Every structure is written in structure tokens, then in C-alpha cells.
Amino acid sequence: MATHVIIDGYNLLGASARGSRSAGKHGDVARERLLYDLAMYQHRVGHTMTVVFDAWRKHGGTQHLEHRTGVTVLFTQQGEQADQVIQRMVRTQSRNCVVVSSDHEIIGTARAHGAMVIRSEAFLIKLHAQPVSSRLSASSTLDEAPDMNRTRRPDKKGNPRKLPKAARQRLRNLKKF
């Protein structure tokens, strides 16, 4: 089954250096640039992507849905926040989705329902990374570099340079992106 990536739009914009939560010309330009970057990323990796933006302060009342070059953009209705919409989406899709946000409430809900969580800052690194073919040599050296700062009790068994099982699983999941 395909992975569905659910993104907290303004949270991701706030994490980026060029992002701005302010409404107006510069906020619209930053949002459009983010949507362009997400479309390029979606074409590169092939995941289904939905970006949720707050529109609850705007007058108009209804939820607005757009499709832009492979990315679904959802503006919330008046009186509803993006956090609520994302939490509702996570509850319905649970294990088949990945949530991109740094909001603690969203992260807690996503983890409680078995969804994978990527913080906005970490996703921005993936979003602006080079394609896989040009970074193969760099990633192999990073994965094999031992952590020399670790100290280990003498009664412990096993390879001291091997990461714990949970950390290795997280790295495997992140490599899919």
C-alpha cells in the first residue's frame, strides 16, 4: 500500500528559513514556493502527499481542496485549525501515513495511532536533498562511521558500534524518503 504523507503546511513553512506565517504577499510567495518544492519531491519519491493549511481566520466558511502537480492542498474551513484536520486524517489512516510536523499534539496523536512522524526540520533536509544517485557515496560513509564518544559497561555483550534496534528501524524508515 502506498505511503500517504500528511504535512502541516504552516508548521513546515515556519521551520524553513524563507517561511513566514504572516498573511499577505510574502506569505503567499513562500507558500507557493513550498508547494513547488513539495511537487518536485513528490515526483522524485512517488508518495501521495497532502498539505494542510490553516484558513480558519479567513471569512468564507467552507473547506477548500486543490490538486497541484501531484500534491493535494487542503485549506481548513472557518473555525477549524489544521491540527484538528491532520489529527482526524491520522485517525482514519493510522499506520499507512507519515506525518510531517513539529507540533507536540499532532506528534502525540500520530504516534498513538501508529503513524510515523518526521519533524519539520528533518523533512526540510530531505526535501532539499540531492537525488539518491548523486549522494550514494556520502551516505555510505555516514552510515559506517563509528561513534567514538560512546562508553560501554564491561558486562555488556554485542557490538558496541551497532545502534540500538529502534534507532536502526527509524533510519530504515527515513531512508524511504
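For segment 125-172, name all the residues that are at pLDDT below 80 and in contact with a Pro (Cβ under 6 Å, 6 or more places away or on another chain).
Within segment 125-172, 152 is the sole residue that qualifies.
Would a scan of segment 35-57 turn up a residue that is aromatic (Phe, Trp, Tyr), in contact with a Gly (Cβ under 6 Å, 6 or more places away or on another chain) and modelled with pLDDT of 90 or more? It would help to see each step written out before you state the result.
Here is the first cut: in segment 35-57, the residues aromatic (Phe, Trp, Tyr) are 36, 41, 53, 56.
From the residues that got through so far, the ones that are in contact with a Gly (Cβ under 6 Å, 6 or more places away or on another chain) too are 53, 56.
Now narrow it down to the ones that are modelled with pLDDT of 90 or more: 53.
Yes, because at least one residue in segment 35-57 is aromatic (Phe, Trp, Tyr), in contact with a Gly (Cβ under 6 Å, 6 or more places away or on another chain) and modelled with pLDDT of 90 or more.
Residue check: is residue 76 crowded, with 19+ Cβ neighbours inside 10 Å, on the phi < 0 side of the Ramachandran plot, of a type outside the set (D, E, K, R) and modelled with pLDDT under 90?
The answer is yes for residue 76.
Testing residue 88 on (1) over 16 Å from the mean Cα position of the chain (by Cα); (2) at pLDDT below 90, one condition comes back false. Which one is that?
(2)
Looking at segment 69-82, I want the residues that are under 21 Å from residue 39 (Cβ atoms) and have a partner that is at pLDDT 90 or above and charged (D, E, K, R) with Cβ atoms under 7 Å, at least 6 apart or on another chain. Which pairs are those?
Filtered contacts from segment 69-82: 82/8.
Could you check segment 29-58 and list, in sequence order, the residues that are of a type in the set (Asp, Glu) and either touching a helix residue (DSSP H, G or I) at 6+ places or on another chain (Cβ under 8 Å) or not assigned by TED's automatic domain parsing to the domain that holds residue 103 (or both)? Steps first, answer last, please.
Residues of segment 29-58 that are of a type in the set (Asp, Glu), as a first pass: 32, 37, 54.
Matches in segment 29-58: 37, 54.
Give me the pairs, please: first residue somewhere in segment 32-53 and free of Cβ contacts under 8 Å to residues at least 40 places away in the same chain, second residue anywhere and buried (at least 16 other Cβ atoms within 10 Å of the Cβ) and in a helix (DSSP H, G or I), beta-carbon distance under 7 Å, and either six or more positions apart or on two chains.
So the pair list comes out as 34/12; 34/13.
Among the residues of segment 44-62, is there at least one that is assigned to a loop (DSSP other than H, G, I, E, B), out of contact with any Cys (no Cβ under 8 Å at 6 or more places or on another chain) and aliphatic (A, V, I, L, M)?
Checking segment 44-62: at least one residue is assigned to a loop (DSSP other than H, G, I, E, B), out of contact with any Cys (no Cβ under 8 Å at 6 or more places or on another chain) and aliphatic (A, V, I, L, M).
The values are calculated or read from the model by the stated rules, or taken from the named source; none is laboratory data. Note that the structure is predicted; figures quoted are calculated from it, not measured. Because the Cβ atoms are built from the backbone with ideal geometry, glycine has one as well, and the counts that use them run over all protein chains shown.
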